[in-house]
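Taking it in order: structure first as structure tokens, then the write-up.
The values are calculated or read from the model by the stated rules, or taken from the named source; none is laboratory data. All of these numbers come straight from a predicted model, not from anything done at the bench. Cβ placement follows ideal geometry from the backbone for every residue including glycine, while neighbour counts extend to all protein chains displayed. Keep in mind that these areas ignore ligands, DNA and RNA; they rest on the heavy atoms of the full protein, side chains included. Shrake-Rupley method; radii C 1.70, N 1.55, O 1.52, S 1.80 Å.
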Amino acid sequence: MFGKSQNQNIDDNSKGLQGKRDAIDKSITINYHAPDKQEKKDFGIIGEIFEFLFKENIAESDFTELSIGEGLKKIPLNFSGDSLQTVNEMALKTTQKRDLVKKFVNSQREIDESKIDALIFKLQKDFRTLKNSENNYEKIENVNIIEQMAVHCIEESKTENPDYNMNALAIVLYFFEMCDFGKSEKARAIKEAIF
């Protein structure tokens, strides 16, 4: 009388539910793999900061990087007291952004490694100037040096933008983490090997 048996209705309903579940699963998968909007924005800002640094502040050079990365465990070697607490907070707040910087740097190395090496040289020069030292591997001590180095990474018109400030800070902390400036065990080993 109705044309379909009860079993056929149940089977048709389960196919419909299966189809809806597949649609839900696909949307979850798509959203799961799509980059976070803030991450995309930060990656764009990091790219823009690097572009500014490459274009405006760095002459082409042939410097080779000695970085092997010691991690932010070297923070206590460079800071104490309130500065130590502040730098630890900075490191914590920029963790994800530093990961993006790492991706960007690795990508840029494949394109033109000399630009990264020149950026390292620029950061080392800024560090020596702010520290009033001839040595790239002096104990930093003052958190303002890190903050000023970050400001030097940003176009003047964008220095008041918090997104640019946080991403520039992540860039500086990334290269600090890679032992390109500031006191580190690596620097001590190099110094001992020379003398």
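Taking helices (runs of 4 or more DSSP H) that do not extend beyond the range 101-195, which have at least 3 residues that are open to solvent by 20 Å² or more (accessible area, probe 1.4 Å), at pLDDT below 95 and more than 17 Å from residue 86 (Cβ to Cβ)?
185-194
Out of all the residues in the range 135-185, which are under 21 Å from residue 99 (Cα atoms) and charged (D, E, K, R)?
If the condition is that a residue be under 21 Å from residue 99 (Cα atoms) and charged (D, E, K, R), then 147, 163, 177, 180 are the ones that fit.
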